[in-house]
Amino acid sequence: MTSPGREQGSTERLALPGVLTAEQAAATAAGIAAIQRADGAIPWFRGHHLDPWDHVESAMALDVAGEHERADAAYTWLARHQNADGSWYAAYQDGDAQRPTDLARESNFCAYVAVGVWHHYLSTGDDAFIERMWNCVHAAVEFVLALQQPGGQIGWKREADGRPVADALLTGSSSVHQALRCALAIAEHREEPQPDWELATGALGHAIRRHPERFLDKSRYSMDWYYPVLSGTLRGPRADARIAEGWDRFVVPNLGVRCVVPNPWVTGGESAELALALWAVGQSDRAVRILADIQHLRADDGLYWTGYVFEDDAFWPVERTAWTAGALLLAVAALGGDEATTAVFGAERLPAGLAPGCCGKRPAG
């Protein structure tokens, strides 16, 4: 895939003092672009697998870097290779749609296309794109909502043989909640109301905010800590309290964020996503500090090592992933005021759905 050239001034907007220069941002975007296949697929790195969620995150990073045609190609790949039931497989070898390596179909992986499509539309104003992608988004949302449980939470996946897994993950359901809100925004833009989606979105948001018992306990993982905030599901005092509660457990000063406690391993993707969550709740100084702390993961090609085992002074695993770089560029874009990124992750203007009549009337934050 030849690069069509990036939008003028795009990487200049990604300069963040103490974190990235415009030239470094351009190198990071070029690193992601170099991983992208000619057909638009973006695997973790060439020779590794593609999963649909990280593919979308990488495409969003291309958009903030002004590589709109490349991002469009990434979404076109999803539309072209969507399964008949609206899903995608969990993994494809090197992004080759003919070589799926994990035939499970995960709910949050499939939902995230809605976040990317809305972000791309807000980045480009391309009405033809959003019309072209509507059927893809609609089918994906319907697949995901077929996994919703009576308590509002979203079942993790369908196995390769089609059996639904009812167990729900807080991180995954939080990501789905953001995706449903973006899907509702797309539907509103098209003036095509989706009342069932509104009910499902409200029930899911309520479950995340009020019913932690409905989710598997994965509290050792930093993603379960910050994702309800990153997704926009928690805001206000409850979001601030959640960030404060986990800070000392997960944040390693000057190095970044642990993936899982108590392991002595910080990861770039989780650190950048936490920075994005911090920005979303008004803690921008902390967000910049986290992004500055993980620059020790930056490689000469502009990409980032996935993680660092600080007790061994070693990068691990020995890989530089498109999605790690993508998460960093999205966090920098939000801090720089990129309108599409702030709309998607700030979440104030996203539809909230219809809250259920459970637990009485409570504030949404």
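The values are calculated or read from the model by the stated rules, or taken from the named source; none is laboratory data. Please read these numbers as outputs of a predicted model, since none were measured by experiment. Glycine also receives a Cβ, built like all others from the backbone with ideal geometry; neighbour counts cover every protein chain displayed.
Residues in the range 224-241 that are in contact with a helix residue (DSSP H, G or I) (Cβ under 6 Å, 6 or more places away or on another chain), assigned to a helix (DSSP H, G or I) and more than 27 Å from VAL309 (Cβ to Cβ): PRO228, ALA239.
Filter the range 187-245 down to the residues that are charged (D, E, K, R) and either touching a strand residue (DSSP E or B) at 6+ places or on another chain (Cβ under 8 Å) or farther than 16 Å from LEU170 by Cβ (or both) and list them by number.
GLU188, ARG190, GLU191, GLU192, ASP196, GLU198, ARG214, ARG220, ARG235, ASP240
Of all residues assigned to the range 104-119, at least one qualifies as being assigned to a strand (DSSP E or B), within 26 Å of ASP63 (Cα to Cα) and of a type in the set (Asp, Glu). The single condition from (1) among the aliphatic types (A, V, I, L, M); (2) buried (at least 24 other Cβ atoms within 10 Å of the Cβ); (3) within 16 Å of THR21 (Cα to Cα) that VAL288 fails is (2). Going by what's in this entry, would THR171 be described as among the hydroxyl-bearing types (Ser, Thr, Tyr) and either surrounded by 24 or more Cβ atoms within 10 Å (Cβ to Cβ) or over 29 Å from TYR121 (Cα atoms) (or both)? In short, no.
Going through (1) crowded, with 21+ Cβ neighbours inside 10 Å; (2) in a loop (DSSP other than H, G, I, E, B); (3) touching a helix residue (DSSP H, G or I) at 6+ places or on another chain (Cβ under 6 Å); (4) not hydrophobic (A, V, I, L, M, F, W, C) one by one, ASP85 falls short only on (1).
Out of curiosity, is LEU230 crowded, with 21+ Cβ neighbours inside 10 Å, touching an Asp or Glu at 6+ places or on another chain (Cβ under 7 Å), under 28 Å from VAL266 (Cβ atoms) and touching a residue at least 40 places away in the same chain (Cβ under 8 Å)? Here the answer is yes, as LEU230 does meet what is asked. In this structure, does ALA41 turn out to be of a type in the set (Gly, Ala, Ser), modelled with pLDDT of 95 or more and in contact with a Leu (Cβ under 6 Å, 6 or more places away or on another chain)? The answer is yes for ALA41. SER271 falls short of the stated requirement of being free of Cβ contacts under 8 Å to residues at least 60 places away in the same chain, within 21 Å of GLY172 (Cα to Cα), assigned to a loop (DSSP other than H, G, I, E, B) and out of contact with any His (no Cβ under 6 Å at 6 or more places or on another chain).
Within the set ALA33, ALA22, ALA90, the sole residue that is in contact (Cβ under 8 Å) with a residue 24 or more places away in the chain and more than 23 Å from ASN135 (Cβ to Cβ) turns out to be ALA33. On the basis of being in contact with a strand residue (DSSP E or B) (Cβ under 6 Å, 6 or more places away or on another chain), closer than 24 Å to ARG181 by Cα and modelled with pLDDT of 95 or more, does GLU270 make the cut? The answer is yes for GLU270. Hey, among the residues in the range 248-278 that are buried (at least 20 other Cβ atoms within 10 Å of the Cβ) and among the β-branched types (Val, Ile, Thr), which one's nearest to LEU303 (Cα to Cα)? So, considering only residues that are buried (at least 20 other Cβ atoms within 10 Å of the Cβ) and among the β-branched types (Val, Ile, Thr), the one nearest to LEU303 (Cα to Cα) is THR267.
Every residue, every condition in (1) surrounded by fewer than 22 Cβ atoms within 10 Å (Cβ to Cβ); (2) in contact with a Phe, Trp or Tyr (Cβ under 8 Å, 6 or more places away or on another chain); (3) without any contact (Cβ under 8 Å) to a residue 12 or more places away in the chain, yes or no:
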{"site": "ASP94", "(1), (2), (3)": "yes, no, no"}
{"site": "SER107", "(1), (2), (3)": "no, yes, no"}
{"site": "ALA111", "(1), (2), (3)": "no, no, no"}
{"site": "VAL117", "(1), (2), (3)": "no, yes, no"}
